[in-house]
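I have placed the structure first, in the form of structure tokens, so that the comments after it can refer back to it.
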């Protein structure tokens with residue numbers, strides 16, 4: 001499986017968020033997206049799965065299921081945890097496993113993998129930020145999808161949980177998955193390549209397009 | 001579990017837990033209808049004449065209560081992003097969310113209506129007709145409301161806008177719902193005429209609502 005992008009552009013709110021981004025990730029590889037705040041890391045990840053419209057460029061997935069879109073074969077771990085406070089940890093996870101049609105419902109196993117087995121019955125409202133984060137990571141374990149898109153996955157995690165996440169990511173890569181992660185810190189994976197968004201998009205594009213800007217006094 | 005069944009179970013569970021909308025709708029319905037006799041006074045003939053209209057208005061307002069959080073809650077906590085990544089068509093997901101909303105807010109109103117009808121001096125045939133019109137008509141309120149809920153999803157204080165968008169669209173449902181309930185009591189039109197139009201409105205809204213709401217959601221997510 002190989003996910004490749006050629007010359008991606010994203011134009012939002014009157015400026016180019018990023019422009020001319022190209023990359024290729026194959027099974028067993030991790031692409032680490034780095035860049036300053038506002039460089040477009042999150043927009044790039046969301047663009048890959050169609051949650052943000054890319055104004056230009058081509059995304060292709062070779063070796064995937066041709067019947068399904070990229071988004072339907074991907075997991076997205078964003079800034080929001082997608083948890084309902086009134087449901088318990090296990091109920092939240094069981095819902096996502098059911099919604100993504102996981103063939104086997106190993107909820108306990110997935111909770112155990114992120115160290116939340118003892119809190120399965122607790123409403124998500126009572127979980128700490130780090131525990132909520134781990135509960136959303138458990139979704140990636142409960143439902144098998146080959147592409148993981150992780151947006152700052154280690155934020156709010158303690159050292160032990162970061163180590164556990166690295167282990168899960170290594171296992172995912174070893175099983176033939178691929179990962180795109182936007183991060184500021186080191187992630188502790190072998191077999192990674194880096195994509196620097198700062199260089200790919202040198203500056204906000206206001207004023208770069210002479211045709212558009214002529215009208216402004 | 002099937003994706004759509006998962007949505008149905010989750011939405012109903014959230015609605016009946018603490019902070020959910022299920023009980024709130026029925027209580028609001030009870031309060032509005034109970035206040036009416038106090039405001040109008042003990043004129044039994046008048047209460048009987050306007051009873052169906054009062055119950056329908058209260059049901060309309062009560063079904064709006066939980067609507068504004070239907071998609072906004074999923075949008076705010078990031079669930080909507082993931083729902084868009086699922087393999088279930090968004091139109092069906094939206095329709096199932098509508099069904100869950102009706103089961104937790106519309107159906108309780110229908111069940112509470114006979115009890116409440118007593119406060120408004122309705123006799124048995126009128127009550128039966130009224131319950132029947134509410135049973136058939138409240139799904140239309142939910143499915144028309146879906147459109148407003150989807151349009152208002154990214155707005156803060158979307159609930160106010162929701163009411164402004166949805167209430168005018170529900171006018172036909174209100175007209176024929178009340179007309180059918182009145183026809184059963186006083187005539188002169190037979191009950192069947194407005195009632196079948198009410199059925200048609202509900203069926204049409206069940207088709208149009210999910211498609212329009214899904215289109216609005218897709219538009220806003222980009």
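Could you compute the FRET efficiency for residue A:53 and residue B:157, with r as their C-beta to C-beta distance and R0 at 22 Å, rounded to 0.05? Working shown, then result.
Working: r = 27 Å, r/R0 = 1.21.
Efficiency, from the Cβ-Cβ distance: 0.25.
Can you show me the helix-derived [θ] at 222 nm for chain B, built from DSSP H runs with n ≥ 4 at -39,500 (n - 2.57) apiece and divided by the number of residues, rounded to the nearest 500. Dividing the helical sum by the residues of chain B leaves -26500 deg cm²/dmol. Spin-label pair residue B:193-residue A:60: with each label point 7 Å from Cα along the Cα-Cβ axis, the two points sit 6.6 nm from one another. Here the sum of -39500 (n - 2.57) over DSSP H runs of 4 or more residues, divided by the residues of chain A, equals -8500 deg cm²/dmol at 222 nm, to the nearest 500.
Among the DSSP beta bridges whose two residues both lie in chain A, what percent are antiparallel, rounded to the nearest 5? Around 45 percent of the beta bridges assigned by DSSP in chain A are antiparallel ones.
The range B:178-196 and the range A:25-48 have Cα centres lying 62 Å from one another. Need one number: % antiparallel among DSSP beta bridges in the protein assembly as shown, to the nearest 5. Just about 45 percent of them are antiparallel.
Would you mind ranking A:75, A:172 by Cβ crowding within 10 Å, fewest neighbours first? It would help to have the intermediate numbers written out before the result.
Numbers: A:75 26, A:172 22.
So the ranking, lowest neighbour count to highest, is A:172, A:75.
Taking the Cα centre of each part, how many Å lie between the range B:122-147 and the range B:1-66? Taking the Cα centre of each part, the range B:122-147 and the range B:1-66 sit 11 Å apart. As a proxy for reagent exposure, ranking A:32, A:147, B:175 by other Cβ atoms within 10 Å from fewest up yields B:175, A:32, A:147. Legend: calculated FRET efficiency, residue A:166 to residue B:164, from the Cβ-Cβ distance at R0 = 41 Å, rounded to 0.05, equals 0.20. Taken along the Cα-to-beta-carbon direction at a fixed 7 Å, the label points for residue B:118 and residue A:194 span 7.6 nm.
Could you work out the relative contact order of chain B? I mean the mean sequence separation of Cα pairs under 8 Å and 6+ apart, divided by the number of residues, in percent.
Details: 277 pairs, mean separation 57.5, N = 222.
Normalised by residue count, the contact order of chain B is 26 percent.
A crude spin-label estimate for the pair residue B:107 and residue A:144, with each label 7 Å from Cα along the Cβ direction, gives 3.6 nm.
Estimated from the Cβ-Cβ distance and a Förster radius of 25 angstrom, the FRET efficiency linking residue A:117 and residue A:175 is about 0.70.
Can you tell me the length gained on complete extension of the stretch residue A:7 to residue A:184, counting 0.36 nm per residue apart and subtracting the Cα distance? Can you show the working numbers first?
On the way: separation 177, 0.36 × 177 = 63.72 nm, distance 2.35 nm.
Computed gain between residue A:7 and residue A:184 is 61.4 nm.
Taking 20 Å as the cut-off, the amide N atoms of the range A:124-142 that come nearer than this to a point 7 Å along the Cα-to-beta-carbon line of residue A:101 belong to A:139-142. Averaged over the residues of peptide A:85-98, the number of Cβ atoms from other protein chains lying within 10 Å of each residue's Cβ is 4.
Compute for the protein assembly as shown: radius of gyration divided by Kirkwood radius, i.e. Rg/Rh, restricted to C-alpha atoms, rounded to two decimals. Don't skip to the end; give the middle numbers.
Working: Rg = 26.1 Å, Rh = 24.3 Å.
Rounded to two decimals, Rg/Rh equals 1.07.
Neighbour counts of C-beta atoms inside 10 Å place A:46, A:139, B:218 in the sequence B:218, A:46, A:139, starting with the fewest.
Using a cutoff of 8 angstrom between alpha carbon atoms and counting only pairs six or more residues apart, the relative contact order for chain A works out to 31 percent.
Each reported figure results from applying straightforward, stated rules to the coordinates on display, with no laboratory input. On a predicted model such as this, the values are computed, not experimentally measured, just so you know. Cβ sites come from the backbone with ideal geometry, for glycine too, and all protein chains shown count toward neighbours.
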